[in-house]
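Novice: Take a look at this one; I'll ask things after.
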Amino acid sequence: MHIEIDTGRCIGSGQCARTAPGVFTQDDDGLSTLLPGASATADTASVREAARACPVGAIAVGAART
């Protein structure tokens with residue numbers, strides 16, 4: 001799965017980190033970031049829910065890129 005975070009759009013609400021804590025965290029500025037290696041092992045349902053929970057739509061989820 002490919003997970004992309006638009007950091008220009010992210011407002012640091014933390015909904016993604018609360019919804020999928022094994023995939024998302026917040027950096028020192030409070031913006032969303034992926035945990036290392038998370039996209040390879042992430043639970044698809046929780047990542048999609050985290051994307052839906054983002055109040056500004058800063059998370060895009062798609063098929064793994066080859």
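The values are calculated or read from the model by the stated rules, or taken from the named source; none is laboratory data. Given the structure is predicted, the values throughout are model-derived calculations rather than measurements. Cβ placement follows ideal geometry from the backbone for every residue including glycine, while neighbour counts extend to all protein chains displayed.
Novice: Take the stretch 7-27 and flag every residue that is outside any loop (DSSP other than H, G, I, E, B) and aliphatic (A, V, I, L, M).
Specialist: The answer is 17, and nothing else.
Novice: Does any residue in the stretch 27-53 that is basic (Lys, Arg) come within less than 9 Å, Cβ to Cβ, of a residue that is assigned to a helix (DSSP H, G or I) and modelled with pLDDT of 95 or more six or more places away or on a different chain, and which pairs are these?
Specialist: 52/19
Novice: May I ask you to say which residue of 29, 6 is among the charged types (D, E, K, R) and farther than 18 Å from residue 57 by Cβ?
Specialist: Answer to the selection: 29.
Novice: Give the residues of the stretch 28-66 that are among the hydrophobic types (A, V, I, L, M, F, W, C), part of a loop (DSSP other than H, G, I, E, B) and under 20 Å from residue 13 (Cβ atoms), sorted by residue number.
Specialist: 31, 35, 42, 54, 56, 58
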